[in-house]
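Colleague: Pasting a structure below so you can have a look.
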Amino acid sequence: MSDIPFPKPSRRAFLRGAAATGTGLALAGTAQAEGDPLITQVQDWAQGFGDGVDATPYGLPIRFEDDVVRRNVEWLTADTISSINFTPIHALDGTITPQGCAFERHHSGAIELSKSDYRLMINGLVDKPLVFTYADLERFPRENHTYFLECAANTGMEWAGAQLNGAQFTHGMIHNMEYTGVPLRTLLNEAGYDTSATWIFVEGADASSNGRSIPMDKALDDVLVAFKANGEALRKEHGYPVRLVVPGWEGNMWVKWVRRIEVLNGPVESREETSKYTDTMADGSSRKWTWVMDAKSVITSPSPQAPITHGPGPLVITGLAWSGRGAITRVDVSKDGGKTWETARLAKPGENKALTRFYLDTDWDGEDMLLQARAMDDTGYVQPTKAQLRDVRGENSIYHNNCIQTWWVRPTGEAENVEVS
Ligand code: MTE
Ligand code: CO
């Protein structure tokens with residue numbers, strides 16, 4: 001698609017724009033006390049009792065938030081067993097993804113495996129093959145780390161053109177949790193791994209097993225054998241009771257329900273690895289072993305599922321940025337499709353291989369915006385435009401689309417997924 005022609009500003013938009021100039025940027029409440037029953041009358045909730053402390057032993061979000069849920073795209077996969085759903089990133093803030101709405105990706109469904117039935121074997125090039133029970137794992141020194149998991153296919157439907165209308169669907173194959181677990185290094189040491197070994201092969205207990213080979217350097221670096229997420233047990237769908245956490249690397253390597261780790265001198269060329277997780281280039285050749293997720297960002301609000309619901313004036317533009325190579329150092333936001341940029345405020349300094357929340361506290365003139373965000377990480381890498389990425393990778397890929405996303409925000413506040421050239 002070529003340049004987006006801006007519709008002419010309507011007279012209504014002009015008037016609202018003029019009114020906003022009069023009030024300036026001062027943030028005032030918009031409701032009036034006088035005549036508002038919510039202020040002047042005692043409400044039902046103030047006259048009776050609320051729920052007792054025994055009403056919800058394990059709480060769910062209040063019913064008013066019941067649209068903040070994972071969603072799937074029906075036409076994407078043939079069934080829901082080998083499928084994917086998407087995190088409602090447009091409706092979340094901060095950086096931690098609650099497990100209950102964190103996207104799921106299974107090749108053969110989410111299995112139910114109890115702690116007592118759980119076993120983890122380490123074999124192959126080791127002094128003594130070991131089998132750990134869940135209770136055994138709990139006796140090793142453990143660590144806490146927050147990391148994002150991004151499926152390599154995130155944004156994969158957008159290569160050929162703007163396709164799905166919502167940040168949840170274009171960028172929602174991602175979640176960010178605080179994991180508690182034992183460094184894999186500790187367990188490999190316990191088994192006495194052969195120091196000349198170059199790879200491990202990891203498999204899960206589900207029917208698909210999701211077998212993946214991981215270079216030994218990464219295995220010894222920051223990989224975790226994790227059993228808690230955001231303080232509580234992993235949910236079934238995220239690999240209860242134990243999953244592998246492979247920070248910064250594509251989600252398919254984070255083996256869930258992990259049951260065996262084999263120490264090897266070369267990768268196991270599993271069917272998935274050789275045929276699926278490669279990037280098809282314009283000339284038909286393939287890129288493979290592209291494990292690291294490059295720096296990327298997306299504006300979560302405003303966005304198609306999170307339109308602006310107020311007139312001109314103060315507007316909080318917000319989104320998420322991340323890099324599998326390290327920490328986010330800066331995020332720029334453009335309102336004009338990349339012609340000019342403003343540097344956004346990071347809610348906290350970027351953390352290693354974790355989501356970073358950014359805000360641009362701005363004054364909206366009520367006119368069209370072509371909103372974009374551009375992430376930079378501590379390696380100096382700058383997130384590419386869609387055109388730059390296509391120049392290098394063509395349009396045949398599915399995986400590793402980390403290009404700059406554009407939302408066209410109209411004077412009505414509604415937003416749409418578009419491409420700018
Ligand atoms: N592990 C097993 N055992 N089975 C699977 O199907 N799917 C992989 C990975 N680990 C998978 C698995 C893929 S492709 C991704 S993107 C992540 O798990 C998704 O993790 P989540 O479901 O916690 O979001
Ligand atoms: Co995946």
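Colleague: Which whole-Hz ³J(HN,Hα) couplings does segment 289-305 yield from phi under the Karplus relation 6.51 cos²θ - 1.76 cosθ + 1.60, θ = phi - 60°, glycine and proline marked x?
Modeller: After applying 6.51 cos²θ - 1.76 cosθ + 1.60, I find 6, 9, 7, 6, 8, 6, 4, 7, 8, 7, 7, 8, 8, x, 7, x, 8 Hz.
Colleague: Using the heavy atoms of the protein chains and a 1.4 angstrom probe, tell me the accessible area per residue for the chain in square angstrom.
Modeller: For the chain, the solvent-accessible area averages 47 Å² per residue.
Colleague: Local charge sum around residue 185 (other residues, Cβ-Cβ under 12 Å, Lys/Arg +1, Asp/Glu -1)?
Modeller: Working: positive: 218; negative: 143, 190, 217, 221, 222.
Neighbour charge sum, excluding residue 185 itself: -4.
Colleague: Whenever you get a sec, line up 296, 386 from highest to lowest accessible area (probe 1.4 Å, protein heavy atoms). Display every interim value, and only then the final one.
Modeller: Details: 296 5, 386 30 Å².
Heavy-atom accessible area, descending, gives 386, 296.
Colleague: Something else about it: Can you give me the Rg/Rh ratio for segment 54-119, using Cα atoms for both radii and the Kirkwood formula for Rh? Let's see the in-between values first.
Modeller: Working: Rg = 15.0 Å, Rh = 14.4 Å.
In segment 54-119, Rg relative to Rh is 1.04.
Colleague: Round to a whole number: what % of the accessible area of the chain belongs to carbon and sulfur, probe 1.4 Å? Numbers along the way, then the final one.
Modeller: On the way: 10400 of 19930 Å².
Answer for the chain: carbon and sulfur cover 52 percent of the accessible area.
Colleague: Could you rank 232, 190 by how accessible they are, 1.4 Å probe, largest area first?
Modeller: Working: 232 50, 190 85 Å².
Largest accessible area first, the residues go 190, 232.
Colleague: Bins of 10 Å, beginning at zero and ending with the bin holding the largest distance: percent of Cα pairs per bin for segment 210-365, please.
Modeller: 9, 27, 29, 22, 11, 2, 0
Colleague: May I ask which of 128/256; 115/288; 236/296 have a Cα-Cα span longer than 30 Å here?
Modeller: Details: 128/256 24 Å; 115/288 36 Å; 236/296 28 Å.
Long pairs (Cα-Cα over 30 Å): 115/288.
Colleague: So for segment 310-400: antiparallel DSSP bridges make up what percent, rounded to the nearest 5? Kindly include the intermediate steps, with their values, before the conclusion.
Modeller: Values: 20 of 21 bridges.
Beta bridges within segment 310-400, antiparallel portion: roughly 95 percent.
Colleague: Once segment 175-215 is represented by equal point scatterers at the alpha-carbon sites, with solvent omitted, what log10 I(q)/I(0) does the Debye formula produce at q = 0.29 Å⁻¹?
Modeller: Calculated log10 I(q)/I(0) at the listed q: -1.04.
Colleague: What are the ³J(HN,Hα) values, in whole Hz, obtained from phi via the Karplus relation 6.51 cos²θ - 1.76 cosθ + 1.60 with θ = phi - 60°, for each residue of segment 212-217 in sequence order, with x given for Gly and Pro?
Modeller: Working through the residues one at a time gives 9, 9, 10, x, 4, 4 Hz.
Colleague: For 36, 283, give the ranking by accessible area with the largest first, probe 1.4 Å. Write out the running numbers ahead of the final one.
Modeller: Working: 36 35, 283 120 Å².
From most exposed to least exposed: 283, 36.
Colleague: Of 346, 220, 320, which has the largest mean-square fluctuation in a 10 Å C-alpha GNM of the chain?
Modeller: Result: 220 has the largest fluctuation of those listed.
Colleague: While we're here: Whole Å is fine, so just give me how far the alpha carbon centre of segment 280-336 lies from that of segment 192-250.
Modeller: 27
Colleague: Share of Cα-Cα pairs in segment 289-364 beyond 21 Å, in percent? Before the final figure, lay out each step's value.
Modeller: Numbers: 894 of 2850 pairs.
Of all Cα-Cα pairs in segment 289-364, 31 percent lie more than 21 Å apart.
Colleague: Roughly what percent of Cα-Cα pairs across segment 174-294 reach past 23 Å?
Modeller: Working: 2244 of 7260 pairs.
That tail contains 31 percent of the Cα-Cα pairs.
Colleague: With only alpha-carbon atoms counted, please give the Rg and Dmax of the chain, in Å.
Modeller: Every Cα atom of the chain included, Rg and Dmax give 24.0, 79 Å.
Colleague: A further question on this structure: For every other residue with a beta carbon closer than 11 angstrom to the beta carbon of residue 346, add +1 if it is Lys or Arg and -1 if Asp or Glu, then tell me the sum.
Modeller: +3
Colleague: Roughly speaking, what is the centre-to-centre gap between segment 44-82 and segment 127-181 when only Cα atoms are used, to the nearest Å?
Modeller: Cα centres, segment 44-82 to segment 127-181: 23 Å.
Colleague: Still on this structure: When only DSSP loop residues count, what GluC sites (Glu not before Pro) in segment 236-335 have their Cβ near at most 16 other Cβ atoms within 10 Å? It would help to have the intermediate numbers written out before the result.
Modeller: On the way: sites: 237, 250, 262, 269, 272, 273; in loops: 250, 269.
Qualifying residues, ordered by number: 269.
The values are calculated or read from the model by the stated rules, or taken from the named source; none is laboratory data. None of these values were measured; they are calculated from a predicted model. Here the Cβ is made from the backbone with ideal geometry for all residues, glycine too, and neighbour counts use every protein chain on show. Side chains are part of the model used for accessible areas, which takes the heavy atoms of the whole protein and leaves out ligands, DNA and RNA. Shrake-Rupley method; radii C 1.70, N 1.55, O 1.52, S 1.80 Å.
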